[in-house]
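Written below as structure tokens is the structure these notes are about.
Every read-out reported here was derived from the displayed coordinates using simple, explicitly stated rules and does not represent laboratory data. Remember, it's a predicted structure, so these values are computed and weren't measured experimentally. When we count neighbours, we look across all protein chains shown, and the Cβ atoms used for this are built from the backbone with ideal geometry, even at glycine.
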Amino acid sequence: MQKREAKHILDKLWQRGKDFLGVENAILGGAMTWVSEPQLVAAISNAGGFGIIASGSMSASILLKVIDETKEKTSKPFGVNLITLHPDIEALVDVCCEKKMQHVFLAGGLPPAWAIKKLKEAGSKVICFAPALVLAKKFHRQGVDALILEGMEAGGHIGPVSVNVLAQEILPEMAKKLPIFIAGGIGRGEVIVNFLKMGAAGCQLGTRFVCSTECTAHENFKKAFIRGNSRDAVPSVQLDARFPVIPVRALKNKASDEFMKQQYEAIKKVESGALELKEAQMIIEHFWGGALRKAVVDGDIENGSIMAGQSVGLVKKIQPVQEIIDELLDQAICYIEKEIA
Ligand SMILES: Cc1cc2nc3c(=O)[nH]c(=O)nc-3n(C[C@H](O)[C@H](O)[C@H](O)COP(=O)(O)O)c2cc1C
């Protein structure tokens, strides 16, 4: 009886997120480049969550095919994540419009106004990542339909602020205005309930879904996640202001050590006059090129980039997506049950 009541409370807490996404559970499978392909995306949607295709590594023609393939695997809603710095962003936006995608997520830098306008005119709901309150307000004014607050605990490219602080900064002021989803460092159902109680509409998880049966990432990549502790998932470090480094959270490995050495050597060479500053900057900038593919697709976890969030410490085994979502739901419901007991 109490379980039913707790489930009812949970449903009410994330009703807005469920309605916005058109799903049973407002749990999004965050887009992960090379990882979020049709099989995983469809599995998340079929399990009552919301899968998102990662188009970061795709051309427009591949995205078109991937959307069709995903539709063959699920009749449930799913979304597309676009990286706004992608060289073919215009063509990718066109694909989303042509395919009448209901939910399009704009990531990686400030979302361009033309993209928001075009997608909205085509009938899509546009979701953007808000790394600060001022930007959350700006996106709301621009007509963005929902926000994601992604903390620096997350895997992949990260901002500087923790999810805990972002939630406190943005939810109280913005949650009534538009649905807000929380991402970064989420591995259990209890924490989802806490964010919902603060006004969030749902949560997005990436790291937790990598070790699913349906995820096509290389076995070595998944094994690294199972072995990894939270403290091993660290941001890339910048050694010198002259050599900008985009912060990416990944598991420490040979490549991350090598990256530090390369930066150190580049600094020394520039200082001794052996290298021009521009040349050295290019070496640093190109170091990680193709590195995620190397780890996810080829399984080279020494020389590739094992992007993972701090919640990697909560990943213990490979499980079907349905089991992962059921586990999150169970934890959420038991947590509410204890409160109403
Ligand atoms: C391997 C990997 C690749 C990712 N690629 C993308 C991406 O292409 N676009 C994006 O918006 N976020 C990307 N992310 C972030 C996820 O979508 C998600 O927001 C994040 O993983 C949530 O934090 P968590 O890892 O702590 O669950 C990536 C994360 C990982 C671990």
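Sorted from fewest to most neighbouring beta carbons within 10 Å, what does the list VAL165, VAL104 look like? The partial results should precede the final answer.
Numbers: VAL165 13, VAL104 28.
Sorted ascending by nearby Cβ count, the order is VAL165, VAL104.
Relative contact order for the chain: what percent, with Cα pairs under 8 Å and sequence separation of 6 or more?
About 19 percent, as a whole number.
Based solely on its DSSP helices, what 222 nm [θ] is calculated for the chain when runs of n ≥ 4 H residues each add -39,500 (n - 2.57) and the sum is averaged over all residues, nearest 500 deg cm²/dmol?
Values: 15 runs with 159 residues, N = 341.
So the helix-based figure for the chain works out to -14000 deg cm²/dmol.
Mind checking the range 300-341 for trypsin sites (Lys or Arg not before Pro) that DSSP puts in a loop (not H, G, I, E or B) and that have at most 15 other Cβ atoms within 10 Å? It would help to have the intermediate numbers written out before the result.
Details: sites: LYS316, LYS317, LYS338; in loops: LYS316, LYS317.
In loop regions of the range 300-341 (DSSP not H, G, I, E or B), the sparsely surrounded trypsin sites (Lys or Arg not before Pro) are LYS316, LYS317.
Ranked by Cβ crowding within 10 angstrom, fewest neighbours first, how are ASP298, ASP232 ordered? Before the final figure, lay out each step's value.
Values: ASP298 14, ASP232 18.
Sorted ascending by nearby Cβ count, the order is ASP298, ASP232.
Please compute the contact order of the range 1-148 in relative form: average sequence separation of alpha-carbon pairs under 8 Å and at least six residues apart, divided by the residue count, as a percent. Intermediate results must be reported in sequence, preceding the final value.
Values: 238 pairs, mean separation 23.2, N = 148.
Here the relative contact order equals 16 percent.
Work out the length of the dipole vector of the range 228-341 about its Cα centre, built from +1 on the beta-carbon of each Lys and Arg and -1 on the beta-carbon of each Asp and Glu, and round it to the nearest 20 debye. List each step's numbers first, then the result.
Values: 14 positive and 18 negative charges, 70 e Å.
Using only the charged Cβ atoms, the result is roughly 340 debye.
Looking at this model, which pairs from LYS117/LYS197; LYS18/LYS176; LYS99/LYS120; LYS71/LYS99 are more than 20 angstrom apart at the alpha-carbon?
Working: LYS117/LYS197 32 Å; LYS18/LYS176 16 Å; LYS99/LYS120 13 Å; LYS71/LYS99 11 Å.
The answer is LYS117/LYS197.
What is the total of Lys pairs in the range 219-310 with C-alpha atoms under 29 Å apart, excluding same-chain pairs fewer than 8 positions apart?
Count of close lysine pairs: 25.
Could you work out how far the C-alpha centroid of the range 122-155 sits from that of the range 59-112, in angstrom?
Answer, in whole Å: 17.
Once you have the Cα-Cα distance between LEU85 and GLN238, take 0.36 nm times their residue separation minus that, and quote the gain in nm to one decimal.
Working: separation 153, 0.36 × 153 = 55.08 nm, distance 2.13 nm.
So the extension gain works out to 53.0 nm.
Could you tell me which residue out of VAL296, GLN263, ILE226 lies farthest along the dipole of the range 219-310 toward its positive end? Charges go on the beta carbon: Lys and Arg +1, Asp and Glu -1, centred on the Cα centre.
Checked the options; the winner is ILE226.
Using the Karplus curve 6.51 cos²θ - 1.76 cosθ + 1.60 with θ = phi - 60°, work out ³J(HN,Hα) for each residue of the range 228-240 in order, rounded to whole Hz, and write x for Gly and Pro.
Once θ is set to phi - 60°, the couplings for the range 228-240 become x, 9, 3, 6, 7, 8, 10, x, 5, 9, 9, 8, 8 Hz.
Project the alpha carbons of the range 219-310 onto their principal axes and report the range along each, largest first, in whole Å.
44, 25, 17
Based on the mean of other beta carbon atoms within 10 Å per residue, what is the order of 280-290, 86-96, most packed first? Display every interim value, and only then the final one.
On the way: 280-290: 15.3, 86-96: 18.8.
Highest mean packing first, the order is 86-96, 280-290.
Out of all DSSP beta bridges with both ends in the chain, state the antiparallel percent to the nearest 5.
Details: 6 of 34 bridges.
If we restrict to bridges inside the chain, about 20 percent are antiparallel.
Counting other C-beta atoms within 10 Å, and keeping those with at most 14, which DSSP coil trypsin sites (Lys or Arg not before Pro) do you find in the range 37-89? The partial results should precede the final answer.
On the way: sites: LYS65, LYS71, LYS73; in loops: none.
Sparse-neighbourhood loop trypsin sites (Lys or Arg not before Pro): none present.
If you place +1 on the Cβ of every Lys and Arg, -1 on the Cβ of every Asp and Glu, and leave all else neutral, what size is the dipole of the chain about its Cα centre, to the nearest 20 Debye? Please list the in-between numbers first.
Values: 41 positive and 39 negative charges, 143 e Å.
For this selection, approximately 680 debye.
Calculate I(q)/I(0) for the range 261-341 by the Debye formula, one identical point scatterer on each C-alpha and no solvent, and give its log10 at q = 0.17, 0.25 Å⁻¹ to two decimals.
Cα-only, vacuum Debye calculation for the range 261-341: -0.85, -1.12.
Give me the one-decimal nm value for the distance between modelled label points at GLU173 and GLU302, 7 Å along each residue's Cα-to-Cβ direction.
For GLU173 paired with GLU302, the spin-label model returns 5.0 nm.
Please compute the contact order of the range 195-260 in relative form: average sequence separation of alpha-carbon pairs under 8 Å and at least six residues apart, divided by the residue count, as a percent. Walk me through the numbers on the way to the answer.
Numbers: 39 pairs, mean separation 13.7, N = 66.
For the range 195-260, the relative contact order is 21 percent.
Top mean-square fluctuation among SER61, SER162, SER272, Gaussian network model of the chain, C-alpha springs under 10 Å?
Result for the chain, Cα springs under 10 Å: SER272 fluctuates most.
What's the center-to-center distance, using Cα atoms, between the range 255-278 and the range 22-41 in Å?
The range 255-278 and the range 22-41 have Cα centres spaced 39 Å from each other.
Taking a cut-off of 20 Å between Cα atoms, list the aspartates and glutamates near LYS138, but don't count ones fewer than 8 places away on the same chain.
Hits, sequence-local ones excluded: GLU121, GLU150, GLU169, GLU173.
Just subtract the alpha-carbon distance of LYS268 and LYS254 from 0.36 nm times their residue separation and send over the number in nm, one decimal. If you can, show how the numbers build up before the last one.
Details: separation 14, 0.36 × 14 = 5.04 nm, distance 2.12 nm.
Computed gain between LYS268 and LYS254 is 2.9 nm.
How long are the semi-axes of the ellipsoid equivalent to the range 136-280, from square roots of 5 times the Cα gyration tensor eigenvalues, in whole Å, largest first? Before the final figure, lay out the partial values.
Numbers: eigenvalues 238, 101, 28 Å².
One finds semi-axes of 35, 23, 12 Å for the range 136-280.
Reachable aspartates and glutamates from LYS118, Cα under 17 Å, same-chain residues fewer than 8 places away excluded?
ASP88, GLU90, ASP94, GLU98, ASP145
What do you get for Rg/Rh over the chain if you use C-alpha atoms and the Kirkwood form of Rh? Kindly include the intermediate steps, with their values, before the conclusion.
On the way: Rg = 20.1 Å, Rh = 20.5 Å.
My calculation of the ratio gives 0.98.
Remind me, what semi-axes does the range 1-62 give for its equivalent ellipsoid, largest first in whole Å, using sqrt of 5 times each Cα gyration tensor eigenvalue? All intermediate terms of the calculation are to be shown ahead of the outcome.
Numbers: eigenvalues 183, 23, 13 Å².
Working from the Cα gyration tensor, I get semi-axes of 30, 11, 8 Å.
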